[in-house]
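Visitor: First the structure, which I've put down as C-alpha cells, then a few questions once you've had a look.
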Number of protein chains: 2
Amino acid sequence: MDVVTGLDACSTMEPDEARVAATRERLVTAGEATRLADLFRLLGDPTRAQLLYALLEAGELCVCDLTETVEVSDTAVSHALRLLRTAGIVASRRAGRMIYYRLADAHVRMLLDLSREHLRHEIVKG
Amino acid sequence: MDVVTGLDACSTMEPDEARVAATRERLVTAGEATRLADLFRLLGDPTRAQLLYALLEAGELCVCDLTETVEVSDTAVSHALRLLRTAGIVASRRAGRMIYYRLADAHVRMLLDLSREHLRHEIVKG
DNA sequence: CAAACTCCTGAACAGGTGTTCAAACGATAA
DNA sequence: TTATCGTTTGAACACCTGTTCAGGAGTTTG
C-alpha cells in the first residue's frame, strides 16, 4: 500500500524522505513485526512471566510445582502453559502422571535474563 | 500467602519440595514479574513493535516519519508513543513543530536485536 | 492577527485476553 | 474394576486494550 506508493504526507520535508526510505529496507517487515509482537505479548503476562522465570531458575518443573510457585489456580497455569507450548517457548515431558516443563529455546533464556537485568538497572537509576 | 505458608498441595511428593523452595529464593518476586510483564506487554503490539524497530534502525525519527513507516493513523502512532514514552522506553526531543523520538535505553536496544535474531533463527529451523 | 502544520488528548466503541467453572482425559494405586 | 491424582480442555464471563473520531494544544508562516 503506502509502503510502496506513499511519500505524500509530510510533503514539506525532503531531507528526511531519504532516511525513511533507507530505513524501510533494513526495517523488519510488517509480518516480522507482528511475529515479534506475538512473541513479546506471550511474555507480557504476569502469570506466564512468573512461570518462565521459575523455569529459568529451576530448569524443569511439573505443573503442580509451578502452581505452587505462582499464585494462581492449576487451571490457569495449564492454560498459560498451553500458549507457551504452542508457541515453542516451553517443551514438556511426561513422567508417570505428571508432566515436566522446561524452556525450549536458548534465545528466550537470554531474553528473560537480559530483561531481568534491564529491570534491576532501571530500579538503580530510580 | 502461600509463598510462605504453602507446601500443602502436591503432598505426595517430597523430593521436589526442596527444589521448589530453593527456586523461590532466586526467583523474581511477583512484583518483579509484573513489571517484567509490563515491559514485554509494551513490546507486544504490532504497531509499537514496528515503531521501535524503525527507531532501532533510524536512530531518530519524527512522528510524521513514523506514521509513514508504520501503516496506521498519526493518532494511533501518538497514542502508542505516549505509552512507550511514559514507560521510559523512548525519549522525545522537540525541534520546531515536530518532535523526534529515539530509543531511550540500551537494554531495550539489545532486547529488540536479540528478539529479531531469535525470530530469524526460528524461521531457519522451520 | 489568522492560517497552516505537527502533534497530542479524551471519550467511545469493537475486539482480544485471562480467569473461573465444570467436565473429562490419561496414568497409577487399591 | 473403581478411585484418586495430575493435568488438560471448552465455554462463559468480566476485564483490558488499541483503534477511531472529534477536538485542542503548541509552533511557524503569511
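Visitor: Can you give me the long-range amide H partners of A:L61? Hydrogens built in the peptide plane at 1.01 Å from N, cutoff under 5 Å, separation of 5 or more residues or another chain.
Guide: Counting only residues 5 or more places away or on other chains, the set is A:Y101.
Visitor: What is the percent of Cα-Cα separations in the range A:46-125 that go past 14 Å?
Guide: Numbers: 1931 of 3160 pairs.
Tail of P(r) above 14 Å: 61 percent of Cα pairs.
Visitor: List the relative contact order of the range A:46-125 as a percent without decimals, with contacts defined as Cα pairs under 8 Å and 6+ residues apart.
Guide: 30
Visitor: Mind checking the mean number of beta-carbon atoms from other chains within 10 Å of the Cβ atoms in B:99-111? Present the calculation step by step, with values, prior to reporting the outcome.
Guide: On the way: counts 0, 1, 0, 0, 0, 0, 4, 2, 7, 3, 0, 6, 7.
What the average comes to for B:99-111 is 2.
Laboratory data are not the source of any read-out in this text; all were calculated from the coordinates shown. Just so it is clear, the structure is predicted and the values come from calculations on it, not from any experiment. Glycine also receives a Cβ, built like all others from the backbone with ideal geometry; neighbour counts cover every protein chain displayed.
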